[in-house]
Amino acid sequence: MTHARDPVPTPWATGLPLSAFSFVATVVAIVACGQLLGRIHPVLAVVVNLVTVAGITPTVWSRLRVPVLRWFSAGVVAGVPAGWLVLLVA
């Protein structure tokens, strides 16, 4: 008979700040690039944002299974739509 190990507790105290940092960095990057490209041509801003998100999606998706990197990935996943929303409002 084997005894099941207790699962490792979730490191909320370190994970949430990592998610918050990646969230803020993602929103700032999307808004800064989107506004700059939007001054050149709005369609260019949309195309570059879509291509960039399509490019990082496989990497972010694969990092969701890695214990530390999942916190960064969660911030990026939340930051992309928030950045787009800020771009639409601004």
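The values are calculated or read from the model by the stated rules, or taken from the named source; none is laboratory data. Everything quoted here is computed from the prediction, not taken from an experiment. Glycine also receives a Cβ, built like all others from the backbone with ideal geometry; neighbour counts cover every protein chain displayed.
Residue by residue, here is whether (1) out of contact with any Pro (no Cβ under 9 Å at 6 or more places or on another chain); (2) at pLDDT 90 or above; (3) surrounded by 14 or more Cβ atoms within 10 Å (Cβ to Cβ) holds:
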{"site": "Phe23", "(1), (2), (3)": "yes, yes, yes"}
{"site": "Ala29", "(1), (2), (3)": "yes, yes, yes"}
{"site": "Cys33", "(1), (2), (3)": "yes, yes, yes"}
{"site": "Ala45", "(1), (2), (3)": "yes, yes, yes"}
{"site": "Thr52", "(1), (2), (3)": "yes, yes, yes"}
{"site": "Pro58", "(1), (2), (3)": "yes, yes, no"}
{"site": "Arg65", "(1), (2), (3)": "yes, no, no"}
{"site": "Ser73", "(1), (2), (3)": "yes, yes, yes"}
{"site": "Trp84", "(1), (2), (3)": "yes, yes, yes"}
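Selection of first residues in region 24-39 that are touching a residue at least 12 places away in the same chain (Cβ under 8 Å) and of second residues that are assigned to a helix (DSSP H, G or I) and of a type in the set (S, T, N, Q), restricted to Cβ pairs under 7 Å at least 6 apart or on distinct chains, gives the following pairs, ordered by first then second residue: Ile30/Asn49; Gly34/Asn49.
Of all residues in region 9-37, those satisfying the criterion of being among the β-branched types (Val, Ile, Thr) and in a helix (DSSP H, G or I) are Thr14, Val24, Thr26, Val27, Val28, Ile30, Val31.
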